[in-house]
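The values are calculated or read from the model by the stated rules, or taken from the named source; none is laboratory data. None of these values were measured; they are calculated from a predicted model. Positions of Cβ are generated from backbone atoms using ideal geometry, with glycine treated the same way; all protein chains shown enter the neighbour counts. When the accessible area is computed, the model is the full protein with side chains, heavy atoms only, and any ligands, DNA or RNA have been set aside. Shrake-Rupley method; radii C 1.70, N 1.55, O 1.52, S 1.80 Å.
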Amino acid sequence: NVISGNGNNGVDIQGGSSGNAVLSNLIGVAADGVTPLGNSLNSLRIQGNSDNNQIGSATVHFANEIAFAGTGDGIVIGSTDTGNLIGVNSIHDNGALGIDLNNDNIVTANDGTDPDAGANNLQNWPVVTNVFRNGASFGVVYLLNSTPLTPFTFRFFFSTACDASGNGEGASFIGSFAQATNGAGFASAAPQFAVNVPDPAFITATATG
């Protein structure tokens, strides 16, 4: 579907609506997949006790392009909404944040062992500490502190420009990696991917529990 040029949100999942899958859509661009045709507010919003929805999937084959929101975010998760999976998507050039937990236009700060409640339980994000090239491979070194002894899927993206907030967005998918946190809630690794990442590029990572 092409979901673009609307005067409000592009996609709005609300009122306790759960179990929806939003896959393979062009949200905020024209049918050519390139020309900007943004929605006036947010590209996609989940609110009002709407849980366990899926935005994008594990592979690029079902990714959404989520771009060019006018004054809003790429993806908004409301403060009462949990379990909403944000998978592989191309998120770029939105007016505010790429992903906004709690719909407050603020990058939610990480906290030790991630005990808080709120949008998607205010899941902590991985800190990218280094990147490197190894022949044709591109490696990312990251550190996450979150719920102890919990398996996570880490997804890595790159963009050619950084968001004004200094975090994200993630225009192109690099790859994913699975790892569990230890007893202190830490996970760190340096996975490598056979992907051509341009230089310069800005790297973004997400963690999904």
Of the accessible area of the chain, with the probe set at 1.4 angstrom, what percent is carbon plus sulfur? 54 percent
Using mean Cβ contacts within 10 Å as the protection proxy, how do 86-94, 132-140 order, highest first? 86-94, 132-140
Report the calculated FRET efficiency for Ala164 and Thr59 (r = Cβ-Cβ distance, R0 = 35 Å), to the nearest 0.05. 0.75
Global geometry of the stretch 104-149, whether rounded, prolate or oblate, following the gyration tensor of its Cα atoms and the 1.5 cut on a/c: prolate
The stretch 95-140 to the stretch 16-93: how many Å between their Cα centroids? 17 Å
With a 1.4 Å probe and all protein chains left in place, how much accessible area per residue does the stretch 1-142 have, in Å²? 43 Å²
Pulled fully out, how much extra length does the chain show between Thr208 and Ala189, if you take 0.36 nm times their separation in residues and subtract their Cα-Cα distance? 5.3 nm
What distance in nm separates the simple spin-label points at Ala178 and Leu23, each placed 7 Å from Cα in the Cβ direction? 1.8 nm
Bridge orientation stat for the chain from DSSP, antiparallel percent rounded to 5, came to 60 percent
Sorted by mean Cβ packing within 10 Å, highest first, what order do the peptides 144-153, 40-49 take? 40-49, 144-153
